[in-house]
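Notes follow the structure.
The values are calculated or read from the model by the stated rules, or taken from the named source; none is laboratory data. Values in this document were obtained by computation on a predicted structure and should not be read as measured data. All Cβ positions, glycine included, derive from the backbone under ideal geometry; neighbour counts span all protein chains shown.
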Amino acid sequence: MGIFTSILNFFTNPIADLAGSYRERKRLAAESAKMLVDAEIKLKISKLEAKARRFEQTANNDADYDMQVLKNRNESLMDNFIIIIFSALLIAHFISTLQPYIAKGWLAMGYRGAPWWFEFIIVGIAVSTLGLMGLFRIFWRQKTSNKKQIKSSTQS
């Protein structure tokens, strides 16, 4: 029986080794796939955490900026003068007797209506007067997304 077992082992051991190494390769492949999935999950989590940190830092910076603007505003008469001038121009757009003069003024400068920078200055005044840097960021994102939408619709 010993010789028969030895002969049988001689032929079956290589097959058993192949099957065993095949199982081992499958196990290693499964472990590698799991490690890859885990790494992808960690990467996504890291990206989200970094985005949250950036958002928090931006909010803190905006709050610091707003506080500094409000402190500086009390010390400058020029700021008040500029605010009064641009506020008067904005209000003049809504007074019917002044509207033709405002329109002619914009036309004389080459604009069909109030230019983008006038709108930008009015928002800047709101930001500096009220300390609304967050409002400015929303306004700016909206402006840039509108431009992207216009570009994509004209290219289609």
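Summary of computed values
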{"quantity": "Residue satisfying all of: in segment 105-125; among the small types (Gly, Ala, Ser), in a helix (DSSP H, G or I) and at pLDDT 85 or above; nearest to ILE83 (Cα to Cα) among these", "calculated": "GLY105"}
{"quantity": "Residues (at pLDDT 75 or above and exposed (fewer than 11 other Cβ atoms within 10 Å of the Cβ)) located in segment 49-71", "calculated": "GLU49, ALA50, LYS51, ALA52, ARG53, ARG54, PHE55, GLU56, GLN57, ASN60"}
